[in-house]
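Student: Below is the structure I would like to discuss, written out as structure tokens.
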């Protein structure tokens, strides 16, 4: 039975500037700055240890159009490692590292094939005669909105067909740009054996057989890119494909929720936070952690004050300054839940009926927060809130409003 094994990755964003994180301790910030390069080395290690035939990189290899010399040199070094063991690499460029513009470029070893600005077919042939056709194109400009999927027609003479596409699936909402749009049905109709996608930073298998896969990015760069980050090892045979995810991230972004209902003192909350930190430490070599405490009693005013003024956060951070496998708590918050019986309040006053109707029908959040997210300075550092974050903002606003009303 003919078969090939390859590694599918995307969105390496080499030399990402890690905007807004310079307030971190120097050692931790330097590890974050190095993290995209370490993720690249981890990817190379996996390709070699798994004995893959080739690697596919589905766009946004670099974080910026200038492709810093540092980033190019790091990539060239890892490609040379793959070349030394006979592993080929096929690369498309996406909206971050598109082909247009002026830059200084380095030469790369012969095992690396870069797709150009027109859809093309690259051929890979194993020693046993197995032939793979790989189809792809690199973004000529940053904003590619055309439906390139319509050009992905099969060429005869291959045992396997693999499509590389950096783009957005129209059926899904996304915080990323809607570039090179496609529908899942369009991909499946093409008759390919595997679709190697890029652009979306969260790993997702859109279809099992044939696989249609976003591997996500290799290293989370902000709090919206949480959890495990990595790539896929794919075994492709005439019977189908088997996928194995492996982690590449040097540092992960995490969040956890602590139950504060049984806490009776500051020490209880502090110890609960420490337990949460140690749990994350066992799971990672380095993590940036957001902790939320739910259900603290109204009597713990002194604890809430220590959270509000940042003292508890500073205490947790002080514990981590000398830790090699750090878990740096970058945010600490708490939620006071107001238990509300809507029916009872509505019976008390028509005002509550009107209030709850207004809350349920409210749809002006985007306009309400636009002053911040459209500000000429803030928008350089802030991306718009996700749908989940919008729901959280509305829930928190409702809780705050009801707490103030019931207090009075």
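Student: Please pick out the residue among 289, 301 that is assigned by TED's automatic domain parsing to the domain that holds residue 273 and surrounded by 12 or more Cβ atoms within 10 Å (Cβ to Cβ).
Tutor: 289
Student: Something else about it: Out of the strands (runs of 3 or more DSSP E) lying entirely within segment 238-328, which hold 3 or more residues that are in contact with a helix residue (DSSP H, G or I) (Cβ under 7 Å, 6 or more places away or on another chain)?
Tutor: 252-259, 287-294
Student: Here are some conditions: (1) modelled with pLDDT under 95; (2) surrounded by 16 or more Cβ atoms within 10 Å (Cβ to Cβ); (3) touching a strand residue (DSSP E or B) at 6+ places or on another chain (Cβ under 7 Å). Residue 14 meets all but one. Which one does it not meet?
Tutor: The single condition residue 14 does not satisfy is (1).
Student: Please enumerate the residues belonging to segment 77-104 that are under 17 Å from residue 63 (Cβ atoms) and touching a helix residue (DSSP H, G or I) at 6+ places or on another chain (Cβ under 7 Å).
Tutor: Passing the criteria: 78, 104.
Student: Please determine, by comparing only the residues of segment 329-350 that are part of a loop (DSSP other than H, G, I, E, B) and surrounded by fewer than 12 Cβ atoms within 10 Å (Cβ to Cβ), which one is farthest from the chain's Cα centre (by Cα).
Tutor: Of everything passing the filter in segment 329-350, 349 is farthest from the chain's Cα centre (by Cα).
Student: Condition check: at pLDDT 95 or above, exposed (fewer than 14 other Cβ atoms within 10 Å of the Cβ) and not in a loop (DSSP other than H, G, I, E, B). Does residue 73 satisfy that?
Tutor: yes
Student: Which one of these is modelled with pLDDT of 95 or more and under 16 Å from the mean Cα position of the chain (by Cα): 8, 50?
Tutor: 8
Student: Let me ask something else. How about segment 112-198: which strands (runs of 3 or more DSSP E) wholly inside it have at least 1 residues that are modelled with pLDDT of 95 or more and exposed (fewer than 14 other Cβ atoms within 10 Å of the Cβ)?
Tutor: Because the criterion is at least 1 residues that are modelled with pLDDT of 95 or more and exposed (fewer than 14 other Cβ atoms within 10 Å of the Cβ), the strands (runs of 3 or more DSSP E) in segment 112-198 that meet it are 120-125.
The values are calculated or read from the model by the stated rules, or taken from the named source; none is laboratory data. Everything numeric in this text was worked out from a predicted model, so none of it was measured. Don't worry about glycine lacking a Cβ; one is built from the backbone with ideal geometry, like all the others, and counts go over all protein chains shown.
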